[in-house]
Amino acid sequence: LQRTWTYDYIVQEFSPSREERIADASSFVEWMQKRKDEHGLPFWIETDTEGRLRNAFFVMEEATSIWAVNGKKNVVIFDTSFGTNACGMKLGCITTVSKTGHTIILAVAILSDETRASFQWTFKHLVKAFNVPPA
């Protein structure tokens, strides 16, 4: 059997399926756990009934201290408009504006959909993560 080993052929034949990619988020979860263990950065995940990653939320380094400095003057922007990853999940960046006018990414949400329930899940964890008194 002769075969032309093009890039497209290799990707089609040997890449994991979308379902397999969604199901295997173990290295991503391990990475988030390492960040928590080494730097105290909180994260939360939600899985579906089959154990596949549904939603994830994690805090960026120094985000809570930036949040505390701005006190009650914080502005929160949540944007999921960029697009999706290879598994069809949305990237949501939660940002604020620093005292110097720079945009700061506070946290990231990776969502399986853009439903009210997913947004409520995200903001519930935002409140948990940033329940920091102003400095």
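Which is open to solvent by 50 Å² or more (accessible area, probe 1.4 Å), in contact with a Leu (Cβ under 8 Å, 6 or more places away or on another chain) and in contact (Cβ under 8 Å) with a residue 12 or more places away in the chain, of Glu61, Glu50? Being open to solvent by 50 Å² or more (accessible area, probe 1.4 Å), in contact with a Leu (Cβ under 8 Å, 6 or more places away or on another chain) and in contact (Cβ under 8 Å) with a residue 12 or more places away in the chain holds for just one of Glu61, Glu50, which is Glu61. Every listed requirement among (1) within 24 Å of His39 (Cβ to Cβ); (2) open to solvent by 80 Å² or more (accessible area, probe 1.4 Å) is met by Arg116 save one, (1). In segment 72-95, is there at least one residue being open to solvent by less than 30 Å² (accessible area, probe 1.4 Å), of a type in the set (Ser, Thr, Tyr), in contact with an Asp or Glu (Cβ under 8 Å, 6 or more places away or on another chain) and assigned to a strand (DSSP E or B)? Taking every residue of segment 72-95 in turn, at least one turns out to be open to solvent by less than 30 Å² (accessible area, probe 1.4 Å), of a type in the set (Ser, Thr, Tyr), in contact with an Asp or Glu (Cβ under 8 Å, 6 or more places away or on another chain) and assigned to a strand (DSSP E or B). Assess whether Phe58 counts as being under 14 Å from the mean Cα position of the chain (by Cα) and closer than 30 Å to Ser15 by Cα. Yes; evaluated as a whole, the condition is true for this residue.
Checked against (1) part of a loop (DSSP other than H, G, I, E, B); (2) over 14 Å from the mean Cα position of the chain (by Cα), Gln120 passes all but condition (1). Of the residues making up segment 40-71, those that are touching a strand residue (DSSP E or B) at 6+ places or on another chain (Cβ under 9 Å), in a helix (DSSP H, G or I) and β-branched (Val, Ile, Thr) are Thr64, Ile66.
The values are calculated or read from the model by the stated rules, or taken from the named source; none is laboratory data. Since we're looking at a predicted model, the values are computed, not measured. Glycine gets a Cβ as well: all are built from the backbone with ideal geometry, and neighbour counts include every protein chain shown. Quick note on the areas: whole protein, heavy atoms, side chains included, nothing else; ligands and nucleic acids left out. Shrake-Rupley method; radii C 1.70, N 1.55, O 1.52, S 1.80 Å.
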